[in-house]
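Before any comments, here is the structure.
The values are calculated or read from the model by the stated rules, or taken from the named source; none is laboratory data. Given the structure is predicted, the values throughout are model-derived calculations rather than measurements. Here the Cβ positions follow ideal geometry from the backbone for every residue, glycine too, while neighbour counts run over all protein chains shown. Please note that ligands, DNA and RNA were not included when accessible areas were found on the heavy atoms of the full protein model with its side chains. Shrake-Rupley method; radii C 1.70, N 1.55, O 1.52, S 1.80 Å.
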Amino acid sequence: MTFTYIWRKFFLILTTEQQNFRVQKWITALSVILFGAKLTAYYLTHSLAILSDALESIVNVLAGFIGLYSLYIVTKPRDKDHPYGHGKAEFVSAAAEGGLIVSAGILIAYEAIVNIIHSQPLQKLDSGLVLVAATGAINYIAGFFCIKTGKKNKSLALQASGKHLQVDTYSTLAIIVGVVIILLTNLHWLDHVIALVMSVIVMYNGYKIIRKSLAGIMDEADMGLLDKMIALLNANRQDNWVDIHNLRVIKYGSLLHIDCHVTLPWYLNLRETHIELDELGDLIKHEFGDTMEMFVHTDGCEPTGCAVCIKKDCPVRVHPFETRIDWTMQNVVTNKRHGIETE
């Protein structure tokens with residue numbers, strides 16, 4: 001029995017929230033180490049470009065601890081005060097991280113302007129370059145793993161942490177190129193330009209994270225997720241699913257809360273109705289994972305729906321079938337049963 005096998009078995013028995021928390025702990029510890037390395041590179045070189053990279057790493061460290069706390073909150077079970085769980089903490093965490101990133105961008109710009117006025121000579125750029133390159137490579141690998149785990153477990157906090165690390169890698173790569181150019185050309189003023197450009201990029205990435213987190217806090221519809229879900233329902237439509245409407249999806253961290261209205265043949269008994277709803281739930285879980293809860297309101301079909309009902313052996317049909325209405329974003333999210341007159 002190998003170490004890898006034991007590690008995988010141990011990791012797989014953890015809940016999704018526990019997996020997220022464990023990954024975030026490693027990412028936070030790594031951020032502290034990488035920040036120390038970049039700070040050392042700055043003291044060796046006095047390069048503002050490298051300082052901008054180090055300041056962004058400060059944000060990664062602070063954001064890592066915030067993300068760690070939010071994921072700890074998420075692992076708490078539901079209680080009387082939080083009947084939907086604590087998943088929203090991830091959105092609050094991501095908003096705080098985005099705000100810190102914007103602040104870091106402002107600080108980088110400030111330091112660049114101050115250094116233009118009171119310039120410091122650059123030194124030991126080659127040694128600093130090696131340190132910065134090593135941190136960039138480690139950041140990218142850690143970010144890739146973090147994003148992959150975050151997508152698998154549908155954790156916004158982990159995805160945000162991973163994106164921070166990868167953005168840090170891209171910015172580090174740009175800084176490496178800039179430092180190499182400075183070494184080759186001896187144009188030290190490029191150091192200030194690189195720092196100012198980096199400040200704008202950092203602030204823009206912070207804004208994007210804030211925008212996404214606020215969308216989650218405000219329960220903004222995830223149009224990409226809805227499109228994917230509607231396509232899944234259309235492709236696997238059952239004869240008894242006469243109609244689906246008033247579909248809504250809300251994210252609570254890694255938990256998807258889904259509610260909708262499903263129109264079924266009016267003559268189905270309670271047991272048959274539950275069988276249909278179980279099939280619907282299993283279909284969605286297979287595609288989107290088990291971390292979801294689903295609340296379905298059932299409607300009995302009416303004669304106005306006969307013309308669009310695809311059930312071929314319906315014993316109570318009062319109107320002939322005319323046309324199939326595909327479920328789309330426009331008609332599934334509305335609170336209206338589908339029929340010829342409603343289209």
Arg324 fails exactly one of the following numbered conditions: (1) open to solvent by 90 Å² or more (accessible area, probe 1.4 Å); (2) in contact (Cβ under 8 Å) with a residue 24 or more places away in the chain. What is the number of that condition? (2)
Counted residues, the range 1-28 - those being open to solvent by 50 Å² or more (accessible area, probe 1.4 Å) and either modelled with pLDDT of 70 or more or aromatic (Phe, Trp, Tyr) (or both): 8
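Looking only at residues that are of a type in the set (D, E, K, R) and within 30 Å of Ser213 (Cα to Cα) in the range 223-246, which one is least open to solvent (accessible area, probe 1.4 Å)?
First pass over the range 223-246, keeping only residues of a type in the set (D, E, K, R): 227-228, 237, 239, 243.
Now restrict to residues that are within 30 Å of Ser213 (Cα to Cα): 227-228.
On the way: Asp227: 84, Lys228: 106 Å².
Looking at the filtered set, the residue picked out is Asp227.
Among the residues of the range 301-320, is any within 22 Å of Leu226 (Cα to Cα), among the aliphatic types (A, V, I, L, M) and surrounded by fewer than 17 Cβ atoms within 10 Å (Cβ to Cβ)?
Keep residues of the range 301-320 that are within 22 Å of Leu226 (Cα to Cα), which gives none.
Within the range 301-320 (the criterion being within 22 Å of Leu226 (Cα to Cα), among the aliphatic types (A, V, I, L, M) and surrounded by fewer than 17 Cβ atoms within 10 Å (Cβ to Cβ)), the answer is no, since none of the residues qualifies.
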Of the residues in the range 188-218, how many are out of contact with any helix residue (DSSP H, G or I) (no Cβ under 7 Å at 6 or more places or on another chain) and open to solvent by less than 60 Å² (accessible area, probe 1.4 Å)? 1
Suppose we filter the range 247-293 for residues that are touching a Cys at 6+ places or on another chain (Cβ under 6 Å) and either on the phi > 0 side of the Ramachandran plot or open to solvent by 30 Å² or more (accessible area, probe 1.4 Å) (or both); how many remain? 1
Output the residue which, of all residues in the range 74-113 that are loosely packed, with under 14 Cβ neighbours inside 10 Å and modelled with pLDDT under 75, is farthest from Tyr43 (Cα to Cα). Lys80
Mind checking which residues of the range 282-319 are under 28 Å from Val249 (Cα atoms), over 20 Å from the mean Cα position of the chain (by Cα) and without any contact (Cβ under 8 Å) to a residue 12 or more places away in the chain? Asp282
Residue within the range 231-239 that is under 30 Å from Asn20 (Cβ atoms) and without any contact (Cβ under 8 Å) to a residue 40 or more places away in the chain present: yes
I'd like to check something: does the range 136-153 contain any residue that is modelled with pLDDT under 75 and farther than 30 Å from Thr185 by Cα? yes
Of the residues in the range 268-323 that are in contact with a strand residue (DSSP E or B) (Cβ under 9 Å, 6 or more places away or on another chain) and β-branched (Val, Ile, Thr), the one that is farthest from Lys151 (Cα to Cα) is Val308
Name the residues in the range 150-187 that are open to solvent by less than 30 Å² (accessible area, probe 1.4 Å) and not in a helix (DSSP H, G or I), would you? Asn153, Ser155
Within the set of pairs 6+ apart or on separate chains, which have a first residue in the range 93-107 that is in contact (Cβ under 8 Å) with a residue 12 or more places away in the chain and closer than 18 Å to Met198 by Cβ, a second that is open to solvent by 10 Å² or more (accessible area, probe 1.4 Å) and among the polar types (S, T, N, Q), and C-beta atoms under 7 Å apart? Ile101/Asn205
